[in-house]
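The structure appears below as C-alpha cells.
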Amino acid sequence: MIQRFANPNRFMRLSAAVVPWMAGATMILGAAGLYLGLFQAPADYQQGESVRIMYVHVPAAWMALFCYTSMAAASATALIWKHPLADLAARSTAPIGICFTFLALITGSLWGKPMWGTWWVWDARLTSVLVLFFLYLGYMALVNAFDDPARGAKAAAVLALVGFVNVPIIKFSVDWWNSLHQPASVLKLGGPSIHPSMLAPLLLMALAFTTYYFWVLLVRLRAEIISGKIRAIRLRQVHG
Amino acid sequence: MKRKHKRLTFIVLGMGLLAAAAALMLSAFEDNIVFFYSPTEVLDKKLGADRRVRIGGLVEDGSVEKAGIEVKFRVTDLANVIPVTYTGLLPDLFREGQGVIAEGRFVDGVFRADEVLAKHDETYMPPEVAEALKKSGRWQEMEKALKRSGQMTKGEAR
C-alpha cells in the first residue's frame, strides 16, 4: 500500500489534486475558527479576554507534537523500508514543526505574563517544549550538514527517533510532576473541562492548523521532488 | 531474517532501551524536576531555612490580609498549611481558593516569599456559566473535584 506512493510521478499527480483542497480547507476553517474564537466565544470567568490566546496556543502546541511524531514516523519508515518519499517527508516536516513550536512558546509566554505573573519558568512542561524546539533545530542542522544528502538524511533520522522520547514527556509532564503549567483540558480522562462554546472554536482552529500542515507539507514535498529532477537533468548534461 | 526485518527489530529494541533509560533518569532526578513542593511534602522532607524553595497549593479561604503592598496568606493542600508573607505586586489570578506558587525561604516558621505566581486550573467557562453553577450549588461539587485532581499538587495522590 505504501509502496504505491513510491512512484514520484503518481505522487505528483495525486498531490497536485489535493493541494488546492487543503488550501481551501485551511482558509475556511481558519477564518471560521478565528471569527468564533476572537469575536463570538465568551470571555473566561477567571482569565477574561486573555483566554483567546488559547485558540492559537493550544493548536500550535498540539501541532508541534504532531509534526514531531510525523517526522519520527517518516524517519523510521525511511530507515527500515527505505521508502524514497519518507526522507523527503521528514525533511519537509521539520521547518513546519519548528514554526508551530515557536508559536506555542511565544503565545504561551504572552499568556503567562498576565495570568501567572511571569514570562517564563523552568517547569517540566515549558522546559520539555524548549527541548523540542532545539531538537527540531538540531535535526535541521544535521540533515544539511553532509555533502551527500543520503548520509545527512540517515544521521538526522536517527536523531529524530532518539528525540521522540521527549514527546510523551511533554504530554505527561503536567501529570507526572508538580508544574506551573495547568494539566490537559481537552485530551484527558473524564472528558474536556472546557465549555462547549470555547471548545468549538478551539477544535476548528486545530483542524485548520492540521490542514495547513498537510498543505505546506505537500507543497514542500513537490518542490523537493522537482528540484531532485532538476539536479538529475543537470548532472546528465554535465556528464554528457 | 530479511534485512528490513533486522532493521525493524533493531529500531524497536533501540527505542525500547532509550525509553527505559529516559524513565530511569527522570525518576532519579525527580526532585529537580518538580517545580514546587506541597505543604505536606515540605513537612515530610523537612526543607530547612537554608534553601530557596518553591511551595504550592491553594490560597486558604479567608487567610489573605493586605496592608499596602505587604500581603499575608496561608497556602494549603487541604492537609497541611504554611503561612506566607510577601511584599510586592500579585498576579491577576491571585485570589482565595485559587492555586498559587511562592518562591522564597523559611524564616522562623513563616515562608517569606520574594516571588508569587498564580497557578491556573484546567477549567475554562464563560462567567455566566460559573454564576449559574454557583447559584445551583453545583459549584462546590466541581471545586472539590478540581481540588482532588489537577489543581492540587501531585504529592496528594501518593
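The values are calculated or read from the model by the stated rules, or taken from the named source; none is laboratory data. Remember, predicted model here, so these are calculated numbers, not experimental data. Here the Cβ is made from the backbone with ideal geometry for all residues, glycine too, and neighbour counts use every protein chain on show.
Failed condition for A:MET115, given (1) surrounded by 21 or more Cβ atoms within 10 Å (Cβ to Cβ); (2) within 19 Å of the chain's Cα centre (by Cα); (3) within 29 Å of A:GLU49 (Cβ to Cβ); (4) within 10 Å of chain B (Cβ to nearest Cβ), with all others met? Unmet condition: (2). A:GLY108 meets each of the listed conditions (1) over 12 Å from the mean Cα position of the chain (by Cα); (2) in contact (Cβ under 8 Å) with a residue 24 or more places away in the chain; (3) surrounded by fewer than 21 Cβ atoms within 10 Å (Cβ to Cβ); (4) within 30 Å of B:ILE101 (Cβ to Cβ) apart from (3).
Of the residues making up region B:60-80, those that are surrounded by fewer than 16 Cβ atoms within 10 Å (Cβ to Cβ) and assigned to a strand (DSSP E or B) number 5. For region A:73-88, filtering for residues that are assigned to a helix (DSSP H, G or I) and either within 17 Å of A:GLY163 (Cα to Cα) or free of Cβ contacts under 8 Å to residues at least 40 places away in the same chain (or both) leaves 10.
Of the residues in region B:42-59, at least one is in the same structural domain as B:ASP121 (by TED's automatic domain parsing), surrounded by 16 or more Cβ atoms within 10 Å (Cβ to Cβ) and part of a helix (DSSP H, G or I). As for region A:40-48, it holds no residue that is part of a helix (DSSP H, G or I) and crowded, with 18+ Cβ neighbours inside 10 Å.
Checked against the criterion of being assigned to a helix (DSSP H, G or I), at pLDDT 65 or above and more than 7 Å from chain A (Cβ to nearest Cβ), the candidates B:GLU143, B:GLU131 yield just one match: B:GLU131.
Looking at B:THR123, B:THR87, just one residue is without any contact (Cβ under 8 Å) to a residue 40 or more places away in the chain and at the interface with chain A (Cβ under 10 Å from one of its Cβ atoms), and that residue is B:THR123.
Between A:MET205, A:MET198, the distinction of being facing chain B (nearest Cβ under 7 Å), in a helix (DSSP H, G or I) and crowded, with 20+ Cβ neighbours inside 10 Å belongs to A:MET198 only.
On inspection, B:VAL116 does not qualify as buried (at least 21 other Cβ atoms within 10 Å of the Cβ), at pLDDT 90 or above and touching a Lys or Arg at 6+ places or on another chain (Cβ under 8 Å). Only residues that are outside any loop (DSSP other than H, G, I, E, B) and on the phi > 0 side of the Ramachandran plot were counted across region A:140-192, and they come to 0.
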